[in-house]
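Below: the structure, in C-alpha cells.
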Amino acid sequence: MLSRDADSCYWIGRYIERSEATARMVDVHYHAALETFLPSSLEDRYEDPESPLKWRSLLEISGNAEDFSSRYTRENDRDVLNYFCFDMQNSNSIASTWKFARENARSMREQIASEMWESVNITYLQLRDWNVDRLFLESPHEFFSMVKNASHLFQGILNRTMVMGETRDWLDLGRFSERADQTARLIDVKYHDLFPDRSDEADEADDIHTSGDPLDLHEWIAVLKSVSAFEMYRKTHNHGINPISIVDFLILNHSFPASVRHCTGRVNNCLHRISGSVVGTTFNEPERLVGRLLADLTYISPGEIISSGLHEFLEDVQSQWISIGSAIATTFLSY
Amino acid sequence: MRLSVQHITRYRYLRAVSHSHNEVRLMPTTDSNQTCLIFNITTDPEATIFHFDLPWGRVHHFDVVQAHSYLDITCEAKIETHRANPFEEMQLVENDRDFYLIRDISEYYVDFLSPTLRVPILEETDIFAQQAMARADSPATASFLIALTNLLHSEFAYVPGSTTVDTPVHEVIERRMGVCQDFAHLMLSICRRQLIPSRYVSGYLYTGTGRDSLVSGDASHAWIECLLPGGQWLGFDPTNNLVVNDKYIKVQHGRDYGDVPPLRGIYRGPAAQELEVDVRVTSEEAPELIGSV
Amino acid sequence: MTLFDGYNASSFYDEMFDGSGEPRPHYRRLFEKLSQMSTSDYNSRCHLADLTLVNQGITFTVYGDEQGLEKPWPFDLMPRIVPAAEWDHIERGLRQRIMALNLFLHDIYHDQKILNDKIVPRDLIIGAAHYRREFVGANPPGGIYVHICGSDLIRDSDGTHYVLEDNLRCPSGVSYVLENRSILTRVLPNLFQQLPVQPVEYYTTQLLHNLRSLAPASRIEEPNVVLLTPGVYNSAFFEHSYLAQQLGVELVEGRDLFVEDNIVYMKTTRGPKRVDVIYRRVDDDFMDPLVFRSDSSLGVPGIINSYRAGNVALANSIGTGVADDKAVYAYLPQIIKYYLGEEMILQNVFTYLGSEPAQLDHILKNLDKLVVKATNESGGYGMLIGPQSTAETRAEFADKIKSNPRNYIAQPLISLSTAPAFVDDHFEPRHIDLRPFILTGKDGITIIPGGLTRVALRRGSYVVNSSQGGGSKDTWVLAAEPEPNDQKTSSAAVSTHSQLQNPSTQTQAVGAGSPGWSELAQ
C-alpha cells in the first residue's frame, strides 16, 4: 500500500474517532452539568469562588484550555459548545475533524469503498448546515447523536464493504490509537478534577475507595457515560461505583472497546497483520513498542497503578503512545 | 596540443542530506577542432554513473539516495586540440555582413539569435557594436568580432566573485565588471542584436606558464562562438581578449549558461552547503601543474 | 404545456431541431419520450442527478474563486445525440489528425525533416514555449508521443464540424463522460430504451491495456502502472481519482515517488516498489525539478532521465505541448499532407498568425470581429472574444499582441451550434462543443463513441470551459439503425435462462474439438 494512503487512512481513523469522542464528552458533560448547577463563567463564580468552573476540565482533557481562553473571554455554554463543535480555528472541533477526515478521504477516495467516501462527504456537507444557533434551537443532544451516528455509519460501511486488508488495518490503527489516547486523557483529567490534592500521594489511595460524595459519584458516572461505559461497567462491577474499579475497567479491561488495554491490543493486531509477522514476535520498532505497552497493561493490577500514582502512570502511557506514533511514521510512512 | 584536465568538485553539507540527483556536463566535445581521448568520472560516496547524448554533448548523471554529508565529484579528461591558428580561417577584408540577412540563416539558427533568460536582446548594447565597428580594421565580420572582443576586454574589469550566475546583463553593463560568464553573455547579447548567430561555450583554457596574464575562471572557463559568413563557427574570448585556439578545450555549447551548467543537482536537506572546486589543466608538452585555484 | 414550448434556436444550428422547428430524425424518439414527461417529473430527475453528484463529491476546482475550492459539476440531463454517419466522419478525421500529430512530434524531436523541407517554419517550432530541446533524440516506447488526446470540435451555423484545438498535454474530462452516462442510465433509464446508444465504459479497459503495453520489456508481464496527480487541490483531482479507481492503479503524487539509480520507485508500507508506467496528469514543467523548473515540488527529481533510459514509461510523453501550440495548429493541413499524403478530413478554423507580419496587421485591424488566443494557453484563459469585448479590453490586447506577436493567433468567431438545456422549468438553446477522446496504443487508435459535450450554461455565452461556468451533457453516438427483427430482447431472454442452469450442462457445450483444448493437447 502506498505510504501516503496508509497515512491518510490512519488520520481518517483518528479524526473520525476524535469527533465521536468529542461529541460524547461534550454531550455527557453538558447534560450532567445541567443537574449540578456549576457556574459556567467567571462572572457567575463570585458567589462561590471555590466551585470549579463547569467547562474547565473538559477544555483540559482536549488540551485546548489555552487556545480557548486566547480567543474567548467567557466560558459560557454557548461559546464552549461553539468552540467544540463548529470553531474551524480549533483543529479538534467536530467540524474541523470531519473536514480533515474528508480531505484525507478525498486524496485517496479511489482506495476506499465509494459508500465510505460518500458517508464522509455527506457528514461533512451536513455539518456545514449546522451552527451554534441551530444547536440550541433544535437540541444539542440531537446534534451529538448525529455526529456519533455518522462515526458509526462510517464504521459500519467499513466493516461491511472493505476487504480485510491493509486499508482497513490502517483505518483501525488510527481509530484505536486515538481511542486509547482519549480514554487515558479523560481519566487523567477527571481524576485531577475530583482529587486535586491527593492524586500524587499513594498512601491515600484508600480514601478514594470510600469517597462517597454524591457530587463525585455523579461525576464518575459522567466519566463512564462519556465513553459509553456506564452500562457495561454495571454488568462487570456490580458492587458499585468506586474509582479503583473504574480505573480497572477503563484502563485494564481486555474486552471493553474503549479501555486502553483493549485499544492497545487492537493496534497490536493491526501492526502484525500489516507486517505479516506472528503476534508475540516483534518484527519492527512499532510492534516492539506496542507489544511492551500491551504486556504492561496486561499484567499490572489496578492497585499498583493507584499506589504508584495514577497521573504518572497515565502520563507514561501517553508518552509511550507518542513514541509508537513516531515509530509507525518512520517505519512505514516517511522513510 | 595534447592536454589533460582534472576537475574536482567538493560539496560539504551542514547536516546529512539524501536523495541527491545530479547531472554533469563536463565531458569535452569531439569535433573538427579537438578530440576527447579519455573521460572519467568518479564520485564519493560511490554512485553508478549513467549518461545520455544530446546533439550538443554528453550528459552524465547519478543519484546518491542514502544519507551523506559530503559529495566529491572527480572528472579526468585527455584531449587532443588541433586549431593552432584560427586566423587562417578568417576572411578579414571584404564586407560580408549580407550573409546574416539571408532568411534561411536566421531561421535555421533561431536558437542562437533569440533572446534567452540570461541573454536578453537590448538596445543599450548598440553603442558597443558601433564602437567596435569603428575600431575594426575592415568591414569584415571577423574584424568586427575581433574588435568587439578587444573592446569588451578593455571596457570591463574581470573581478572574481563580483557576480553570480544569475546576474542580468544590464547590471553587468552598468557596473562594468564581471566574470567570464558575464563577458560571454554580454558579447552574445551584442552579437545576436547584430543578427550574428552566436552561442555560449563552456570549457577550459590551458594558461601555460603565463598564468598571471590569463584567467580561466573559478572552475571552468566560458567564451562564445560566432557563426562566420564562411559557415564555420569560431570562438572569441572577451575575458582574455583572445581568439580561441588550441589552448582552449571546449566542453559544450548552448544558448546561454543555463543550457550547459557544469553541474546541476537537487537533493533533500538544508540548503546550506560549502562548495570547493579545483581545476588543473596540464599539457604533455609542458607537464608542470598550472591553473589550479 | 410540454418541456419544449417556446424553444427557439434562432439563427444557430440546433442539434435537435431543424430550421422549421421539427425535431431531426435521430432525435425524434427522444423528443416523443420527453414530450410525455411533465415539468415536475423532469425536475425531480434533475434534482436526483444533482444530489448524486454532490454526495459523490463529483466536483471540480475553480482557481481564484473565493467561495471555496470545489463546485459540483453542472450536468444537463438532456443528452446530445450524434447519428452514426456523422460520427463516422468525425472519427475518421480524428484518426487522421492524431496519426499525423504523432509522426510530427517524432520528426521534430529527431530528424526534423518537416523543418528542413520548410513545410513548417523552424523558428515557429524551436521558438515554441513547449518545445523541449532537452528531449531531442529521446525515444518514447513505440514511438508514441500522444497516448491520450482530447480534441475540441465545434459546429458552425451551416452544420460543418471544425476542430478548434487538439489537446495533447493532459486533456481532462473523460471521467465526466463516464460518470454522466452512469448517472443518466440511473436517473432516466427509459430514455435509453429502443435507442442503439453505443457504450463508452470500455474506455478505461482500453486505456489500461495501452498503458500496460508501454512497460519496459523486462517488466511487461506484471507492470506496475500508476497515475500521477498534482494533488487534491488540482482542478481535475476528481478525474484523477476516478480514473485511478476505474483503472485499478495507484494514484500517486510526486512525493510518493523517488528515483534511485535511474529506476522509479513508489513508497509503500512494505518498502520501495518499482514503477513501470506513469499516466501523468502533471505538466512537463513540473515533472522533474532536475530538468525543468527547479522550484517544482510536484515532480520527481531524476524521472525524466529514467524515462529517457527506457526504465519507466510516461503517457503522454514529454514535449507534446509543442504540437498543440495554436500557431502550429494553423499548419496542420500541411502536416497531414506531408506525413500521410492526405487531405484534411475534419476542418480547422481559419487561423491568422501573429508571427506573420501581414496577418498580424489583419488581426490588429479586426480585433472587434475576431477571437484572439494566446498560443500556449488553454482552458479559455488568455482569450479575447472580439464581438463581445469592450474597446478598452481590445486596446489592452492590442498592446499584448504587439509586444509578442508570436504568442497570439486569431480566428473568426464561429457561431457554435446549440442544443436544448434545461433552465428552470423548460428547455432553452445553449451553445455546445464536443471533446472526443482519442487513445493511441501500440496496436492502434481507439476512440470511444462520443466524448464530452460541454455546454455554456449562461444564455448567449460561447465559453464552455468548466473553469468558466460551463456544464456538460451525455453524448449518445447511435449505432447504425438495427434490423427490423430486433435481436436484443431474445438474447436478453437467453441470458436470464442460463443464470439458473447447472454449470455441468454448460461445459457439455464445449466439444472435445474446441480450439481452446486442442491447442493444449498439441
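Observations, loosely collected:
- Members of the range B:235-255 found to be assigned to a loop (DSSP other than H, G, I, E, B) and in contact with a Pro (Cβ under 7 Å, 6 or more places away or on another chain), listed by number: B:Val244, B:Asn245
- The set of residues in the range A:108-123 being assigned to a helix (DSSP H, G or I) and more than 8 Å from chain C (Cβ to nearest Cβ) consists of A:Glu115, A:Met116, A:Ser119, A:Val120, A:Thr123.
- Of the candidates C:Thr440, C:Thr418, the single residue that is closer than 16 Å to C:Leu457 by Cα, assigned by TED's automatic domain parsing to the domain that holds C:Leu314, polar (S, T, N, Q) and in contact with a strand residue (DSSP E or B) (Cβ under 8 Å, 6 or more places away or on another chain) is C:Thr418.
- Only one entry in A:Ser96, A:Ser91 is assigned to a loop (DSSP other than H, G, I, E, B), more than 9 Å from chain C (Cβ to nearest Cβ), surrounded by fewer than 23 Cβ atoms within 10 Å (Cβ to Cβ) and free of Cβ contacts under 8 Å to residues at least 12 places away in the same chain, namely A:Ser91.
For every residue, the table says whether it meets (1) touching a Leu at 6+ places or on another chain (Cβ under 8 Å); (2) in a helix (DSSP H, G or I).
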| position | (1), (2) |
| --- | --- |
| C:Tyr279 | yes, no |
| C:Val282 | yes, no |
| C:Asp295 | no, no |
| C:Val300 | yes, no |
| C:Ser306 | no, yes |
| C:Val322 | yes, yes |
| C:Met344 | yes, no |
| C:Gln359 | yes, yes |
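- Any hit, the range B:88-107, residues being in a loop (DSSP other than H, G, I, E, B) and small (Gly, Ala, Ser): no
- Test: C:Val163 is part of a loop (DSSP other than H, G, I, E, B) and either in contact with an Asp or Glu (Cβ under 9 Å, 6 or more places away or on another chain) or in the same structural domain as C:Asn234 (by TED's automatic domain parsing) (or both): no
- Yes/no for C:Tyr279 being within 14 Å of chain A (Cβ to nearest Cβ), touching a strand residue (DSSP E or B) at 6+ places or on another chain (Cβ under 6 Å) and of a type in the set (Ser, Thr, Tyr): yes
- Count of residues meeting criterion [loosely packed, with under 14 Cβ neighbours inside 10 Å, under 24 Å from the mean Cα position of the chain (by Cα) and among the hydrophobic types (A, V, I, L, M, F, W, C)] in the range B:53-101: 2
- Taken over the range A:297-335, residues that are charged (D, E, K, R) and within 14 Å of another protein chain (Cβ to nearest Cβ) amount to 0.
- Residue in the range C:362-380 that is charged (D, E, K, R), crowded, with 19+ Cβ neighbours inside 10 Å and not assigned by TED's automatic domain parsing to the domain that holds C:Ala327 present: yes
For every residue, the table says whether it meets (1) within 21 Å of the chain's Cα centre (by Cα); (2) in a helix (DSSP H, G or I); (3) over 30 Å from A:Asp5 (Cβ atoms).
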residue	(1), (2), (3)
A:Arg106	no, yes, no
A:Leu125	no, yes, no
A:Leu135	no, yes, yes
A:His141	yes, yes, yes
A:Ala150	yes, yes, no
A:Phe154	yes, yes, no
A:Ile157	no, yes, no
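- Elements of type strands (runs of 3 or more DSSP E) in the range B:1-84, at least 2 residues being facing chain C (nearest Cβ under 10 Å): B:2-24, B:50-54, B:57-64
- A:Ser151 being more than 14 Å from chain C (Cβ to nearest Cβ), surrounded by fewer than 22 Cβ atoms within 10 Å (Cβ to Cβ) and under 27 Å from C:Val54 (Cα atoms): no
- Among the residues listed as C:Val174, C:Val226, the single one being in contact (Cβ under 8 Å) with a residue 40 or more places away in the chain, assigned by TED's automatic domain parsing to the domain that holds C:Gly299, over 29 Å from C:Ile414 (Cα atoms) and not polar (S, T, N, Q): C:Val226
- Within the range C:93-122, tally of residues that are in contact (Cβ under 8 Å) with a residue 12 or more places away in the chain, part of a helix (DSSP H, G or I) and either more than 11 Å from C:Ile335 (Cβ to Cβ) or not charged (D, E, K, R) (or both): 15
- Whichever residue in the range C:131-160 is crowded, with 23+ Cβ neighbours inside 10 Å and outside any strand (DSSP E or B) and, among such residues, is nearest to the other protein chains (Cβ to nearest Cβ): C:Pro140
- Counting only residues that are under 20 Å from the mean Cα position of the chain (by Cα) and farther than 24 Å from A:Glu142 by Cα, the range A:65-90 holds 4 of them.
- Residue match in the range C:192-209 (condition: within 22 Å of C:His431 (Cα to Cα) and surrounded by 15 or more Cβ atoms within 10 Å (Cβ to Cβ)): no
- Among all residues of the range C:346-354, there is none that is under 30 Å from B:His51 (Cα atoms), out of contact with any helix residue (DSSP H, G or I) (no Cβ under 6 Å at 6 or more places or on another chain) and not hydrophobic (A, V, I, L, M, F, W, C).
- Hits in the range B:85-105 (condition: at pLDDT 90 or above and within 14 Å of chain C (Cβ to nearest Cβ)): B:Ile102, B:Ile105
- Pairs with Cβ under 8 Å, 6+ apart, first in the range C:67-89 and modelled with pLDDT under 95 and of a type in the set (D, E, K, R), second part of a loop (DSSP other than H, G, I, E, B) and surrounded by 15 or more Cβ atoms within 10 Å (Cβ to Cβ): C:Glu70/C:Gly57; C:Lys71/C:Val62; C:Asp76/C:Leu457
Yes/no per residue for (1) touching a helix residue (DSSP H, G or I) at 6+ places or on another chain (Cβ under 6 Å); (2) closer than 25 Å to B:Val260 by Cβ; (3) within 14 Å of chain C (Cβ to nearest Cβ):
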| residue | (1), (2), (3) |
| --- | --- |
| B:Val110 | yes, yes, yes |
| B:Val119 | yes, yes, no |
| B:Asp126 | no, no, no |
| B:Ala134 | no, no, no |
| B:Asp137 | yes, no, no |
| B:Tyr158 | no, yes, no |
| B:Thr164 | no, yes, no |
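- Taking the numbered list (1) within 21 Å of the chain's Cα centre (by Cα); (2) within 13 Å of another protein chain (Cβ to nearest Cβ); (3) surrounded by fewer than 24 Cβ atoms within 10 Å (Cβ to Cβ) in turn, C:Asn224 passes all entries but (1).
- Of the residues screened, C:Glu250 is one that is within 13 Å of chain A (Cβ to nearest Cβ), in contact (Cβ under 8 Å) with a residue 24 or more places away in the chain and within 25 Å of the chain's Cα centre (by Cα).
The values are calculated or read from the model by the stated rules, or taken from the named source; none is laboratory data. Here the structure is a predicted model, which means the values were calculated and not measured. Cβ atoms come from the backbone with ideal geometry, glycine included; neighbour counts cover every protein chain shown.
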